[in-house]
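*Asks:* A single structure is presented below for examination.
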Amino acid sequence: MKSFFSMFRRSAGELKNIRCLTATGILVALFVILDMYSIRIGDFVKINLAFLPLASVGMLFGPVPAMLAALAGDFVGCFVSGQSPLPLLSLTAMVEGLIYGTLLYGKRFGSLAVFSVVARLADSLIVSICLNTSVLMYYGFMSRTAEQFLTRVVKTGAELIFFIPIIIFGSQMIRTIYDNVTKGSRSHN
């Protein structure tokens, strides 16, 4: 338990690092751009890759920057799209950052693949199915019927077919790129 809380302390310390701030800013911008575009497969499944930059912030810098990146991405995305932010959806975005940061922070290649799958499954179950569905029903964007809930569960499950390979390969690619870039910049100091 002590190491769990020390992870948050280490993660908060990352906010003092210029690499963290720079990379997080770039990944938040990428999050906002990717969140505006989706690939539709029929009327049912929508593939949106915005989770990948958020997972990357969590993997590289931990839960504290990931939660702040999710909040910033939500606010900037709302501003760019002309929508007003909904506080409960902003909170669920922060939970998404918490999930990715907690499960992926400091993971390397072997365990990174396994924890990437666990993080994506947790995101789908906790955020997409439980929290977002409840919030959308609360705000009146979804009807409060069993059929609507079941449709959302099936949709989220169908999307996982695409999301699982994307997060496995994407997280390992981001880890490799970040390690190579920072290794190169350290050798120049």
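*Asks:* Using DSSP to call loops (not H, G, I, E or B), can you name the trypsin sites (Lys or Arg not before Pro) in region 101-189 whose Cβ has at most 14 other Cβ atoms within 10 angstrom?
*Replies:* Here the sparse-neighbourhood loop sites are Arg108, Arg144.
*Asks:* Can you give me the relative contact order of the chain as a percent, contacts being Cα pairs under 8 Å and 6 or more apart?
*Replies:* 20
*Asks:* Continuing with the same structure: Within the chain, what is the longest stretch that has no chymotrypsin sites (Phe, Trp or Tyr not before Pro) placed in a DSSP loop and near at most 12 other beta-carbon atoms within 10 Å?
*Replies:* So the longest stretch without any such site is 45-140.
*Asks:* For region 2-179, what value does the Rg/Rh ratio take when both radii are computed over Cα atoms and Rh is the Kirkwood radius, given to two decimals?
*Replies:* Checking Rg against Rh, the ratio lands at 0.96.
*Asks:* Dipole magnitude of the chain about its Cα centre, charges +1 at Lys/Arg Cβ and -1 at Asp/Glu Cβ only, in debye to the nearest 20?
*Replies:* The dipole of the chain has a size of about 640 debye.
*Asks:* Per the helix-only calculation at 222 nm, which mean residue ellipticity applies to the chain, given -39500 (n - 2.57) for every DSSP H run of n ≥ 4 and division by its residues, nearest 500 deg cm²/dmol?
*Replies:* Taken over the chain, the calculation gives -25000 deg cm²/dmol.
*Asks:* Put a dot 7 Å past each Cα toward the Cβ at Ser111 and Tyr37; how far apart are the dots in nm?
*Replies:* Calculated label separation equals 3.5 nm.
*Asks:* FRET efficiency for Leu91 and Asp179, Cβ-Cβ distance as r, R0 = 35 Å, nearest 0.05?
*Replies:* Given R0 = 35 Å and the Cβ-Cβ separation, E is 0.60.
Every number in this text was worked out from the coordinates using simple rules, so none of it is lab data. All values derive from a computational prediction rather than experimental measurement. Using ideal geometry, Cβ is built from the backbone for each residue, glycine included, and neighbour counts are taken over all protein chains shown.
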